[in-house]
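See below for the structure under consideration.
The values are calculated or read from the model by the stated rules, or taken from the named source; none is laboratory data. None of these values were measured; they are calculated from a predicted model. Backbone-built Cβ (ideal geometry, glycine too); neighbour counts: all protein chains shown.
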Amino acid sequence: MSLSCFEFTDQKNQLTLEEAQQALLTSATQITHSIQLPLADTAGLSLASDIIAPINVPQNTNAAMDGYAIHSRDLADQKSWKIIGESLAGQGFKGELQTGESVYITTGAPLPAGADTVVMIEQCRVETNTVYFEQVKKIQPGSHVRQAGEDIQQGQVVLKQGTRLGSAQLGLLASLGLDQVPVHQPVKVAVFSTGDEVTAPGQSLPAAGIYDANRFTLMAMLDALGCQVTDLGILPDNLQQITQALSQASAEHQLVLTSGGVSVGDADFVKQALSQLGETRFWRLAIRPGRPFAFGHLGQNAAGQTCLFAGLPGNPVATLVTFMLLVQPMIRQLQGASCCLPPVWTAVAETLLKSRSGRSDFHRGRFSFNASGQLQVRSTGAQGSGILTSAHQGNCLIRIPDDQPDIPAGDSVTIYPFYEWLPGYRGFAE
Ligand code: AMP
Ligand code: MG
């Protein structure tokens, strides 16, 4: 792996978001192995091969309503139908309908041979062994019947390799009767926080301390991406301890993430540690929040794979944003996902959004729909990179490019919706 083409010596030069994304994606080519896992354990993982339907879904042509199964050709001249039996869900009816005959049927039960239509129970009047239908002329041939294979046909490719498995996909695989699924192995990721001031929640807060927010944000996002996460706690600003901890972590993982310790003031420890272990570059990103960022590798792990490294900025919003926009696409690629870059939407700015030179801003915003159904977005307010409440209040990032003038209210702006791209995002309340 060479990172040199992404390294800038000119102090004015910074990597744009797209350049940094590309650099991470080109470095992370080592797709994880394929394994078979029990269906229930595959949420968040990507399929390692196409899934071909072994059966039709539904298996049988069946009733979509409770009622009476008949053949539609009888509707023209028949006034009443003889009830010759019943087809219950899970059982069915053995015989075949002849002219003028009907079978009582429940929702989901196989349609008897000789029937093509179900008349819903609400339109039926039963007298002893005979059923009469209201408004016979209005009954549509084929109504309230679900055809075999109307959802999925046997032999069809249902899900493609690289599809990430969520709730709908798990249900779909289960409906095919599959209990073991070929997926890419979860990426093994170790997470550290760094900083002498950073204190674990539950401990008493020293006078100059700050509680460790980042590890928990990162672990929740990694978990939602289906990674196998190791929490390695907090590292002090100490060269020896950082070197030792990163070296140990690199043996058992495919990716090590740290937050903090990459800005100019305190980068040296991490820098020195990394230069001893592998190859890492310190980047200045042309995005706000998230200027300092380190990326590279820590040599080979015990399995002979390259252990990648990303050092995220310490400010909590910068950690979240850089993970969301940069690290996440790389992890998706490592997992063999077919879609790795964030989807973008266009919304109308509700208020003026000021552009600042030098770096593109990624404000936390809140999108909604106005009275005419148009997508609109507003900023959540104060946007400091330590203001984590802005991420809670927001439901998207608003991109304000640095090389364009201010965006007046009413103009279009690009947004990155959290619910699509912030792993583990659960916030819906206003
Ligand atoms: P650094 O990148 O280490 O210079 O940190 C930048 C800012 O983020 C400092 O104000 C740190 O105190 C803060 N910070 C660093 N790590 C964390 C963390 N894990 N949780 C919350 N704040 C942090
Ligand atoms: Mg620090």
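A single entry from Val327, Val317, Val413 fulfils the requirement of being hydrophobic (A, V, I, L, M, F, W, C) and within 16 Å of ligand 2 (Cβ to nearest atom): Val317. Taken over region 214-240, the residue count meeting the criterion of being over 19 Å from Phe323 (Cβ atoms) and within 14 Å of ligand 1 (Cβ to nearest atom) is 3.
Out of all the residues in region 109-123, which are surrounded by 13 or more Cβ atoms within 10 Å (Cβ to Cβ) and either among the charged types (D, E, K, R) or assigned to a loop (DSSP other than H, G, I, E, B) (or both)? Residues satisfying the conditions are Ala109, Leu111, Pro112, Gly114, Ala115, Asp116. So in region 264-278, with the set limited to residues that are surrounded by 16 or more Cβ atoms within 10 Å (Cβ to Cβ) and modelled with pLDDT under 90, which one is farthest from Phe362 (Cα to Cα)? Taking the candidates together, the pick is Ala273. Exactly one residue among Gly162, Gly142 is in a loop (DSSP other than H, G, I, E, B) and under 28 Å from the mean Cα position of the chain (by Cα), and that residue is Gly162.
Residues are listed down the side, and each one gets a yes or a no for (1) β-branched (Val, Ile, Thr); (2) within 16 Å of ligand 1 (Cβ to nearest atom); (3) in contact (Cβ under 8 Å) with a residue 12 or more places away in the chain; (4) over 30 Å from Leu75 (Cβ atoms):
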site	(1), (2), (3), (4)
Lys138	no, no, no, no
Ala148	no, no, yes, no
Gly162	no, no, yes, yes
Leu165	no, no, yes, yes
Leu170	no, no, yes, yes
Leu173	no, no, yes, yes
Gly177	no, no, yes, yes
Pro201	no, yes, yes, yes
Asp212	no, yes, yes, yes
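Listed here are the residues, each with its yes/no results for (1) within 16 Å of ligand 2 (Cβ to nearest atom); (2) of a type in the set (Phe, Trp, Tyr); (3) touching a His at 6+ places or on another chain (Cβ under 6 Å).
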{"residue": "Thr280", "(1), (2), (3)": "no, no, no"}
{"residue": "Ala286", "(1), (2), (3)": "no, no, no"}
{"residue": "Phe293", "(1), (2), (3)": "yes, yes, no"}
{"residue": "Gln300", "(1), (2), (3)": "no, no, no"}
{"residue": "Gly311", "(1), (2), (3)": "yes, no, no"}
{"residue": "Thr322", "(1), (2), (3)": "yes, no, no"}
{"residue": "Leu334", "(1), (2), (3)": "no, no, no"}
{"residue": "Phe367", "(1), (2), (3)": "no, yes, no"}
{"residue": "Arg378", "(1), (2), (3)": "no, no, no"}
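Any residue at all in region 195-203 that's modelled with pLDDT under 95, assigned to a strand (DSSP E or B), on the phi < 0 side of the Ramachandran plot and crowded, with 20+ Cβ neighbours inside 10 Å? No.
No other residue among Val270, Val317 is touching a residue at least 60 places away in the same chain (Cβ under 8 Å), more than 30 Å from Pro408 (Cβ to Cβ) and of a type in the set (Val, Ile, Thr) apart from Val270.
Please verify whether region 124-133 includes one or more residues that are basic (Lys, Arg) and in a loop (DSSP other than H, G, I, E, B). No, there is no match, as no residue in region 124-133 is basic (Lys, Arg) and in a loop (DSSP other than H, G, I, E, B). Inclusion of Ser379 among residues that are surrounded by 14 or more Cβ atoms within 10 Å (Cβ to Cβ), away from ligand 1 (no atom under 16 Å from the Cβ) and of a type in the set (Ser, Thr, Tyr) is warranted. Where helices (runs of 4 or more DSSP H) fall wholly inside region 217-336, the ranges with 2 or more residues that are touching a Ser or Thr at 6+ places or on another chain (Cβ under 7 Å) are 267-277, 316-322.
For region 204-216, taking the residues that are in contact with a strand residue (DSSP E or B) (Cβ under 6 Å, 6 or more places away or on another chain) and assigned to a helix (DSSP H, G or I), the one that is nearest to ligand 2 (Cβ to nearest atom) is identified as Asn214. The requirement of being buried (at least 18 other Cβ atoms within 10 Å of the Cβ), basic (Lys, Arg) and more than 25 Å from Asn60 (Cα to Cα) is fulfilled nowhere in region 129-143; no residue meets it. In region 246-266, the residue that is nearest to Gln305 (Cα to Cα) out of those that are within 11 Å of ligand 1 (Cβ to nearest atom) and out of contact with any Gly (no Cβ under 8 Å at 6 or more places or on another chain) is Val264.
Only one of the numbered conditions (1) away from ligand 2 (no atom under 14 Å from the Cβ); (2) more than 25 Å from the chain's Cα centre (by Cα) is not met by Met221, and that is (2). Against the condition crowded, with 17+ Cβ neighbours inside 10 Å, of a type in the set (S, T, N, Q) and touching a residue at least 40 places away in the same chain (Cβ under 8 Å), how does Thr106 come out, does it pass? So Thr106 fits the description; yes. Right, Asp196: in contact with a Pro (Cβ under 9 Å, 6 or more places away or on another chain) and within 16 Å of ligand 2 (Cβ to nearest atom) or not? The answer is yes for Asp196.
Looking across region 26-53, the residues that are out of contact with any strand residue (DSSP E or B) (no Cβ under 8 Å at 6 or more places or on another chain) and either of a type in the set (Val, Ile, Thr) or crowded, with 17+ Cβ neighbours inside 10 Å (or both) come down to Thr26, Thr29. Scan region 296-310 and give yes if some residue there is within 15 Å of ligand 1 (Cβ to nearest atom), at pLDDT 95 or above and in the same structural domain as Gly226 (by TED's automatic domain parsing), otherwise no. Yes, region 296-310 contains a residue that is within 15 Å of ligand 1 (Cβ to nearest atom), at pLDDT 95 or above and in the same structural domain as Gly226 (by TED's automatic domain parsing).
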